[in-house]
1. Expressed as an acute angle from 0 to 90° and rounded to the nearest 10, what is the orientation of the C-alpha long axis of helix B:250-265 relative to the principal long axis of chain B?
2. Got a sec? Charge dipole of the stretch D:224-287, +1 on Cβ for Lys and Arg, -1 for Asp and Glu; which of D:Pro234, D:Ala256, D:Met266 is way out at the positive end?
3. Starting with the fewest neighbours, write out B:Phe122, C:Phe77 ranked by other beta-carbon atoms found within 10 Å of each beta-carbon.
4. Averaged across C:123-130, how many Cβ atoms of other chains sit within 10 Å of each residue's Cβ atom?
5. Using r as the Cβ-Cβ distance of D:Asp10 and D:Asn207, and R0 as 22 Å, what FRET efficiency do you calculate, to the nearest 0.05?
6. For a label point 7 angstrom out from the Cα of B:Lys118 toward its Cβ, which stretches of the stretch A:213-234 have the backbone nitrogen within less than 16 Å?
7. Identify all aspartates and glutamates with a Cα-Cα distance to B:Lys85 below 18 Å; exclude those on the same chain that are fewer than 8 residues away in sequence.
8. Over the stretch A:187-265, what is the relative contact order in whole percent, taking alpha-carbon pairs under 8 Å and six or more residues apart?
There are 4 protein chains.
Amino acid sequence: MELNGVKIDDNYAEAFPNWACRVIITAINEQWAIQAATEATGFATSAIGCPCEAGIEGAVDASETPDGRPGISVLFFAGGKKKLKEQVIERLAECVLTQPTTAVFDGMPDAEERIDVKLHFFGDGFEYKKEVGGRECWAIPIMNGEYIGEENFGIVKGVAGGNFFIMGENIPAALMAAESAVDAIMLVPGCMCSFPVVASGSKVGSNKYKFMPATTNEKYCPSIRDKVEGSLVPEGVGAVYEIVIDGVDEDSIKEATKAGIEAATMIPGIKFITAGNFGGSLGPFKFDLKEILGL
Amino acid sequence: MELNGVKIDDNYAEAFPNWACRVIITAINEQWAIQAATEATGFATSAIGCPCEAGIEGAVDASETPDGRPGISVLFFAGGKKKLKEQVIERLAECVLTQPTTAVFDGMPDAEERIDVKLHFFGDGFEYKKEVGGRECWAIPIMNGEYIGEENFGIVKGVAGGNFFIMGENIPAALMAAESAVDAIMLVPGCMCSFPVVASGSKVGSNKYKFMPATTNEKYCPSIRDKVEGSLVPEGVGAVYEIVIDGVDEDSIKEATKAGIEAATMIPGIKFITAGNFGGSLGPFKFDLKEILGL
Amino acid sequence: MELNGVKIDDNYAEAFPNWACRVIITAINEQWAIQAATEATGFATSAIGCPCEAGIEGAVDASETPDGRPGISVLFFAGGKKKLKEQVIERLAECVLTQPTTAVFDGMPDAEERIDVKLHFFGDGFEYKKEVGGRECWAIPIMNGEYIGEENFGIVKGVAGGNFFIMGENIPAALMAAESAVDAIMLVPGCMCSFPVVASGSKVGSNKYKFMPATTNEKYCPSIRDKVEGSLVPEGVGAVYEIVIDGVDEDSIKEATKAGIEAATMIPGIKFITAGNFGGSLGPFKFDLKEILGL
Amino acid sequence: MELNGVKIDDNYAEAFPNWACRVIITAINEQWAIQAATEATGFATSAIGCPCEAGIEGAVDASETPDGRPGISVLFFAGGKKKLKEQVIERLAECVLTQPTTAVFDGMPDAEERIDVKLHFFGDGFEYKKEVGGRECWAIPIMNGEYIGEENFGIVKGVAGGNFFIMGENIPAALMAAESAVDAIMLVPGCMCSFPVVASGSKVGSNKYKFMPATTNEKYCPSIRDKVEGSLVPEGVGAVYEIVIDGVDEDSIKEATKAGIEAATMIPGIKFITAGNFGGSLGPFKFDLKEILGL
């Protein structure tokens, strides 16, 4: 199979269920909404070593936010509801409420499952309920005025671990393609890339160090291609990047995979696209490249 | 006292000791060094609710990094050495090693106290020792080539909690002054602003909710100025921001305080600058504005 | 009249006809499309002293450009067709064709009036015709591959000089409001802000220097409010900015005026919004704030 | 010759004299200084089709500007003094004075040759002389307060046309190397890249179209390598970019050439570096790569 002259592997990505929460952060301008969102979604690339997975879903026009200000939508993912709630609370309390001019709104008002994110006690009695754009919020007096926040957020059972691999002639080609893929995915609603680009793929466990839960996936490493039996790095490939996608549902990951691969294959020097799976042992979701790309 | 026409309070900031570690992150270009540094220092505004405090210290020219590539220096702070080591390991493993083209180098080669940050087992036997710019590193094969990293980092007993408050006529004036202050502090070596701007000051404990360890510092809240006895918000002030500075030593915080206040007072609409302390009960370090500004 | 608590003057902006040309610039990524667009639309704030007026209209998603790459739409305005054609040719030749990976496409394929922009002779015989996305283009071999360009562009009789004035308590408030206004206008199709923010309003002629065709409009200058009889600066206003809008038709300027004023009035510290006219002597187009804002 | 594993051609760049003027633009923050500088130096890639050549030299710390605010240094180049003066006047009047919070200062106070840039008549009698940081300026009342400007600027006989060529395996590699080269050159004082990256090299005249003063330099075009006798594109090269440097003296161009080539050769996928000359017929300055790089 080929797309824009790039060979596409007849393979699929494997993913697994994960709880997802969406928060709309608004601020006096987009720059400060991004600043708060970036801080709140940092140290959240992979649930293996980070407290949760999180990232920016995209921009929300002022005309579509409850308070009419520019917004950024962020997504948080965790395996369990309790962990998700704990992380959303801590990250909103420490990284959003503390930031200039922010307000937060529930990004999944129709979800049945819900978590409470009670920050209003911070107001020490000076807080009060306030309706903003039809949302029941708390207004908490702080140093730059009032922090406005909803305190009940919808959560849904989403999907973590959607992915594809970009292989290029050299690092600049593969990296520019990965950047273009992420830019394209940023325009797809319902998903985000927590890394945003992965330069180091892992395999479960280790051949040499038994105490390691995960180690480098040597079959995808170009620099040791000649030393590794069964290397999956095609000839002429000098660099590989993985794009990992978490989404609120399967469709958003499908759309993101399609948009990301199409963008990546537009970049000169890209040789091969594939996806990662564990033969079906990891999770119930399969994202087949052939089907998704309509090839 | 006045500086650039802005009234300066005859007050001091109070700060306390904290362990600090500096990591130099390099990458193929500054953009990707910043990307990795931002992810690694996210969710790290305040040790109260975050696992550590962390931020970008500044850019390091390619001519001054061990591998001759553009670099970003980041600082991590924690109360205990064990916590600091744990956080540096996790954040480098999850947020730097995984990012495109990164390498990490010890930013305090002369420090006597040291921590090990052993990531090379990730190489599963394909890793090897490699000297880079006179530094003993490990090279770990990953998907985009080799991750290069030193694995022993100096730490020093630094200072957390340096601070000053910017009070302005309205939010835009106070916020633009806070931005200018942070820009100026970014040029001062040895320190960083983990927040970077604080919109919500706290007091210890609560008057109303006994279960809260910290609540809004109502005396600095302009919107309830008329309701709070002993409000510290001067007449005509509509917004207050705090700049919090962690540094590797007292001098860097002094220099940052001076540079930050000078920059903030250049912005039209700024009325008053002060600093925060707990009367000497919090920590042994005092940063006196009068002395620091030479007024 | 008030909007978001800000007083709106019952006044109108006056504008005049101008020829407009839209060019879609695509590149390997949005960053380089912006770079080329910025160079091509520089030194083009006002037709009074610049060769033409030009600016970025907005981003065009890869899915909507003829070559499927990220695009930036730019608008050029001039009083005469000949001048417009000359400027489009020079600016595409010097500032777009020369830039990495660019292609250009006609942004007004349905316009009846058209100009030729023949750059293909630059190919010295190595150029050839090539269809891209249904567009008849020339492919010109250059150092980074092939420059792709349409060579016939639609032009329309548009409108120059749409405007409104933002008055704030101080510079930061007025400037942040102006930035927000420009951000909002960037989302409106069919128009652009060539300045993008105007800090120095002009009046025609001079009271003192007879050789000057235009001088400062002293009635809008806060610093000399007390010296100028009939000053139009309200009490409490410390800074004034004008947003000037050129559009391909009246509707786009109306929509931009509405979006820009709504965004500006959301910023704390804004006191007054008005518009500029010459009593009807300048041009046939009137943009009435009351009507546009629905007040 | 090799540098960082990249083959360096034993060749030289040829350049010619040009008048240069440096203007320091300051503003309320670096963002707005950059905005004004970008507008003022737009449509100025090449003197062949643009009114002049211009670009950003670099950032100037607030501590080093006459008014203590963040600054951007820009350089303007033209063949004749009269043309240079005319362009500096127009560009400061239309693109700097009109922009928010700007001030301008002479960037070559020690130069003997000088040009007058009289903008103060715009004040219509409300302007007045004002000393700022030891500089004799005019203060002109405008809408956001006062524009501050020196009106006499030093000019020197500088050098235009310094250059080198970067050849890479593919567009992403060559482009990323060109970006790194420009970033490195930005740190070198005394020079700027007006393009900033050139994707389309020219030769004088045309083989086919006698009316064309300059056409594509087919010997540097990878896409027609097999059709062009004497192609200078080495095997395996997919993209070529030229970096053109204008400087205030020979030394700045030498330093920039060295810094730019060193940075470019750090990028994976770069195969060859050379320089452009016309055999000595163009100008008196020669920049020999071997000597400059110390190879």
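Computed from the coordinates by the stated procedures, all read-outs in this text should not be read as laboratory data. Since the model is a prediction, treat every value here as computed from it, not as a measurement. Every residue, glycine as well, gets a Cβ built from its backbone with ideal geometry; the counts of neighbours run over all protein chains shown.
1. Taking Cα atoms only, the helix is inclined about 60 degrees.
2. Ranked along the dipole, the leading option is D:Pro234.
3. Numbers: B:Phe122 24, C:Phe77 27.
So the ranking, lowest neighbour count to highest, is B:Phe122, C:Phe77.
4. Values: counts 9, 13, 7, 10, 3, 0, 0, 0.
Per residue, the number of nearby Cβ atoms from other chains is 5 on average.
5. Details: r = 28 Å, r/R0 = 1.26.
Once the sixth-power term is evaluated, E becomes 0.20.
6. The answer is A:213-215, whose backbone nitrogens lie closer than 16 Å to the label point.
7. Straight-line reach from B:Lys85, under 18 Å: B:Glu39, B:Glu53, B:Glu94, B:Asp106, B:Asp110, B:Glu112, B:Glu113, B:Asp116, B:Glu150, B:Glu151, B:Asp246.
8. Here the relative contact order equals 38 percent.
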